[in-house]
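Participant: Once you've had a glance at the structure underneath, I'll fire off some questions.
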Amino acid sequence: MWHGLKRTSLGLILMALAASVLLLSDRPQRSARNNRRPRAAIFSFASRPTLDDSVRGCLDALAVRGFEPGLTMDLERFNAENDLPTANGIAKAIESGGFDMAITFSTPALQVMAAANREGRIVHVFGTVTDPFVSGVGLCRTNLASRPAWLAGLGTFQPVKEVFVMARACFPALKTVGVVWCTSETCSEACLKLAREKCAELGITLLEAPVQSSVEVLDAARSLISRGAEALWIGGDNIVETSVASVVKPAMEAGIPVFANEPAHAKAGALLGLGADYYEVGKATGDMAADILNGRKPASIPIENCVPQQLAVNLATLAKLRDPWRIPDDLMKSAAIVIGADGKRIDGVASPAPARKWKLRLIELVEAPAIEETRQGILSGLKESGLVEGRDYELHIGDAQGDLATMNSLFDAALTEKADLIFTITTPALQMAMQKITDRPIVYALALDPLLAGDTGTHERHRPNVAGVYDRSPFEQMMGVIRECLPEAKTLGTLYAPGESNSVNFRDEMQKAAEAAGYRLAAMPANSSTEVGDAALALTERGVDLICQINDNQNEAAFPSIVQAAQRARLPVFGFSTGLARRGAILTLSNDHEDGGREAALIAARIMRGESPASIPYVGITKVRLTVNLTTAREMNFYVPEAVVQRADEVVGREGEGK
Amino acid sequence: MTLLLGSLTIGLILTLLALGVYISFRIFDFPDLTADGSLALGAAVSAVLLVQGLHPVWATLAGAAAGVLAGAVTGLLHTRFRINNLLSGILVMTALYSTNLYVMGRSNVPLLSVRSLNSLAEAAGVDFFGRADISLFGWPVMVRDLTMLGCIAAVVLAACGSLYLFFRTQVGTAMRATGENPLMIRALGVPTGWMIVVGLMLSNGLIALSGSLLAQYQGFADVQMGIGMMVWGLASVIIGEALVQSRKLGLTIVGCVMGSVLFRLLIAIALRWGLNPNSLKLITAVFVLAALVLPSLIGQWTRRKGRA
């Protein structure tokens, strides 16, 4: 026994040593051992963008203040999904659930929580409420001192006056504004009161058209235009807001703009949308909650109106107006969302800095040309997005050197270092990330479509923490190019690597594209790079008219053997990777991997600025590069049509350019 | 802490691989290259069965059983058809590559959304602790990581214990003697051929079990996941032997465990300190070298001190 201990002691000591070195490196992560972690509940009434943004902002603010769910505080999230009975049940559960604090978002959540918590057993912080003073929870605008001692929060009233000032700034001659409003809505009426005051002050005539239901909105808007309105305004009115198109359409026909108190309306065609940034509202609420958790008395916090403004501008609308409206530069700069003249959203025009510094980690499987291009793209994309390295983010790169066990450790290391967002390059890295990480964003690049790599769902509804740009070669476009270059071709050939998931998937995709275009595809497996040469020879004997090589690591490495076999059989070779054009392919149509990386970085930047990965659909790389090598073409006596050469992004060995 | 738990888990999973390599290389002196194939085979069989909805425990055992079969084939090729031991391993390993592709139907089977040991461990842990994360000595820890580690540790402990007991039985002793001195043991009437076959079955069963656990831990099975793994297993065995400075059965088994875990811990340190990724392989080589050289240096040093 003693002998055994003595013999194993060296190993045990070394292991203990290694473990303690690891733990010592993690010392900062160790949370101060306080006796009891605070328990809070976040209660949101429904899954709506405004409420989801608020919750996200609240969580971020709490984290910045040192309250991390699961680490330094216990946090449970509740959502009533628009159902009032459920909301009541939740409120009771929170009240009797031993929580220290309830944080509610939306007016109904505030109301049911306040009703359940009449005794004041827990502290209640609320946010994303239009007007807390009219919510019937014991708050009084005229007598601020009389309020429940356990209640604190923020009101967020739409910036009505501000949007009129903005409209004036865009068109100083503005004299008449029309508004459609629903007479039975208290919120709408409250907004209208403010609008009337501001218009009187600015010398604008406010034309009003009251409606009772959404079917009347269109006629009401037309009547306003015929009465000479130079612009239409939409306030906080539920009826009108659900039928924005009925206001925007007649206005656009008359060439006059609509401005609104909701940024989302700019997407629907309004010229200006000025509303509250609910992510910021959530952050302010979270800050307030953190103050109270740190010991501040709720009653000592004034209940104020908090409107962090968010402006959306639609340039497509601006171009169609009758009057000389223009967006002043300072306004343009402050716009968080800009819809370009083509109707598409322009990202990064205004670049608000992220709320905190993000720790980014990039994890890749091996070093390979496509991987390096993608990584380069991510680096330049992050710079392009307007984020500043050092201030907004820090990025570390981990490469597993082809070893899966090491890649596991790389992910563990990233989690231990509390990375905030993880980039993955290659499919195995994405799969491992999806397995290990569910609580922070993953942005992938140069991977198979995640739906083929284990995620279930659709491109729009997917894992809530995953977003990115997947890689799929432009097979359909390639078929068109082949038709142009070789009109008489019938059979295409390619080699594939049965051991590489990308390769097999690309073979299937190519098969589909080829059959759709009326070609037959002869696919030949090669199990190792040494087999590629023989497999290529066998392929040339299968009656193919052209070798069109799909992308995989093995056949890219052994590409020269494919070229040799093809030259022997006088067959042209096309490919899906730009580098191949310099290594014997006549034509390549490739995904621009650098651009894919860049797009992935832009997605990451959106996440860092507050968007949720869940709302960002999975997309494929969009940019392709056409490269033609005329030197190889001449050697092979292959004629590349002039139209294709004209289109090419890069032409190698053009006539008259020398070698 | 996550990294420590993660590398302990991976280290323990690969301990099974090291034990398998130990049996073939050390006990039988049989350089068995089947390992690369049987690791992926275990992963492939388990993954496919898990996707079919089989209970993870059965799927894992089936993976190990597939490895046992692969080992039997290598053993029979060598003993029945008198094929050179290296060659029979290479043959089976090569054949397994295609077999694995055939088993999986493609080269990569994701296990993210199926019930696996990992999800079972997570559920059990959450049941036991009542929530998904707890604080361990002040470090926040995912319960899933902790229970998975416990689960794997139990499997490894059971494997080590039963191996030890098995090799002390009459058959086990005969097996060890087959590797040490085949002429002598044959003279005693032991069929050495069968001993080798059974030994290889045992070895590859452990390796496939390791592959099955690895696939479930990392969330996918890939046909290429076995490539080069045997080398790491061998490195762990050698590090372990250097650490315990003994070729006694019990100690070498413990050495295998320590070697494998220590190896992963050292890699984790290298990663945690953010060393240049391109120099990672060089650093791992230096680690192995240090682990090999240090114990004998220490030995020399203590002997010299003893003489003085």
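Participant: Of these, A:Gly454, A:Gly468, which one is within 11 Å of chain B (Cβ to nearest Cβ), of a type outside the set (D, E, K, R) and at positive phi?
Facilitator: Residue meeting the stated conditions: A:Gly454.
Participant: Please go through segment A:425-449 and pick out each residue that is small (Gly, Ala, Ser) and under 10 Å from B:Gly219 (Cα atoms).
Facilitator: Of segment A:425-449, the ones small (Gly, Ala, Ser) are A:429, A:433, A:445, A:447.
The answer is A:Ala433, and nothing else.
Participant: Further question on the same structure: In segment A:65-85, what count of residues is obtained for those that are surrounded by 15 or more Cβ atoms within 10 Å (Cβ to Cβ), assigned to a loop (DSSP other than H, G, I, E, B) and among the acidic types (Asp, Glu)? I'd like the intermediate steps shown before the answer.
Facilitator: Pass one, segment A:65-85, residues surrounded by 15 or more Cβ atoms within 10 Å (Cβ to Cβ): A:65, A:67-76, A:78-80.
With the extra rule that they be assigned to a loop (DSSP other than H, G, I, E, B), the set shrinks to A:65, A:67-68, A:70-72, A:80.
Next, only the ones that are among the acidic types (Asp, Glu) stay: A:68.
Total meeting the criteria: 1.
Participant: Residues of segment A:437-451 being in contact with a Leu (Cβ under 7 Å, 6 or more places away or on another chain), farther than 26 Å from A:Asn551 by Cα and facing chain B (nearest Cβ under 10 Å), which ones?
Facilitator: none
Participant: Could you count how many residues in segment B:106-122 are surrounded by fewer than 19 Cβ atoms within 10 Å (Cβ to Cβ), modelled with pLDDT of 85 or more and under 30 Å from A:Ala497 (Cβ atoms)?
Facilitator: 0
Participant: If you don't mind, there's one more thing I want to ask. Which residue is nearest to B:Tyr164 (Cα to Cα), if the candidates are limited to segment B:236-251 and must be at the interface with another protein chain (Cβ under 10 Å from one of its Cβ atoms) and surrounded by fewer than 24 Cβ atoms within 10 Å (Cβ to Cβ)?
Facilitator: Among them, the one singled out is B:Gly250.
Participant: Failed condition for A:Ala433, given (1) more than 7 Å from every other protein chain (Cβ to nearest Cβ); (2) surrounded by 24 or more Cβ atoms within 10 Å (Cβ to Cβ); (3) farther than 24 Å from A:Val504 by Cα, with all others met?
Facilitator: The single condition A:Ala433 does not satisfy is (3).
Participant: A further question on this structure: Which residues, counting only those in segment B:208-235, are more than 9 Å from chain A (Cβ to nearest Cβ) and not aliphatic (A, V, I, L, M)?
Facilitator: Listed by number, the residues that qualify are B:Ser210, B:Gly211, B:Ser212, B:Gln216, B:Gly226, B:Gly233.
Participant: Within segment A:408-424, track down each residue that is hydrophobic (A, V, I, L, M, F, W, C) and at the interface with chain B (Cβ under 8 Å from one of its Cβ atoms). Let's see the steps before the verdict.
Facilitator: Our first condition is that a residue be hydrophobic (A, V, I, L, M, F, W, C); within segment A:408-424, this holds for A:410-411, A:413-415, A:419, A:421-423.
Matches in segment A:408-424: A:Leu410, A:Phe411, A:Ala413, A:Leu415.
Participant: Which is assigned to a helix (DSSP H, G or I), more than 28 Å from B:Asp32 (Cβ to Cβ) and modelled with pLDDT under 85, of B:Gly150, B:Gly125?
Facilitator: After applying the criteria, what remains is B:Gly125.
Participant: Looking at (1) among the charged types (D, E, K, R); (2) assigned by TED's automatic domain parsing to the domain that holds A:Asn261; (3) in contact with a Pro (Cβ under 7 Å, 6 or more places away or on another chain), can you tell me which one A:Lys175 breaks?
Facilitator: Here A:Lys175 clears every test but (3).
Participant: State yes or no: is A:Glu216 without any contact (Cβ under 8 Å) to a residue 24 or more places away in the chain and under 15 Å from A:Ala167 (Cβ atoms)?
Facilitator: The answer is no for A:Glu216.
Participant: In segment B:128-151, which residue that is more than 10 Å from chain A (Cβ to nearest Cβ) and within 16 Å of B:Pro56 (Cβ to Cβ) is surrounded by the most Cβ atoms within 10 Å (Cβ to Cβ)?
Facilitator: Step by step, filter segment B:128-151, then rank; the result is B:Met148.
Participant: Sticking with this one: Helices (runs of 4 or more DSSP H) wholly in segment A:397-510 with at least 1 residues that are over 22 Å from A:Asp26 (Cα atoms) and modelled with pLDDT under 85 - which ones?
Facilitator: Working: elements: A:404-416, A:427-436, A:475-485.
Output list reads A:404-416.
Participant: Could you please find all residues in segment A:508-530 being buried (at least 22 other Cβ atoms within 10 Å of the Cβ), within 14 Å of chain B (Cβ to nearest Cβ) and either of a type outside the set (A, V, I, L, M) or farther than 30 Å from B:Ala95 by Cβ (or both)?
Facilitator: Those that are buried (at least 22 other Cβ atoms within 10 Å of the Cβ), within 14 Å of chain B (Cβ to nearest Cβ) and either of a type outside the set (A, V, I, L, M) or farther than 30 Å from B:Ala95 by Cβ (or both): none in segment A:508-530.
Participant: Same structure again: Can you name the strands (runs of 3 or more DSSP E) wholly within segment A:283-372 that have at least 2 residues being modelled with pLDDT of 80 or more and under 30 Å from A:Glu230 (Cβ atoms)?
Facilitator: Counting at least 2 such residues, we get A:309-314, A:335-339.
Participant: In segment A:372-389, what count of residues is obtained for those that are out of contact with any helix residue (DSSP H, G or I) (no Cβ under 8 Å at 6 or more places or on another chain) and crowded, with 21+ Cβ neighbours inside 10 Å?
Facilitator: Adding up the residues that qualify gives 0.
The values are calculated or read from the model by the stated rules, or taken from the named source; none is laboratory data. Note that the structure is predicted; figures quoted are calculated from it, not measured. Note that each Cβ is placed from the backbone with ideal geometry, even for glycine, and that neighbours are counted across all protein chains shown.
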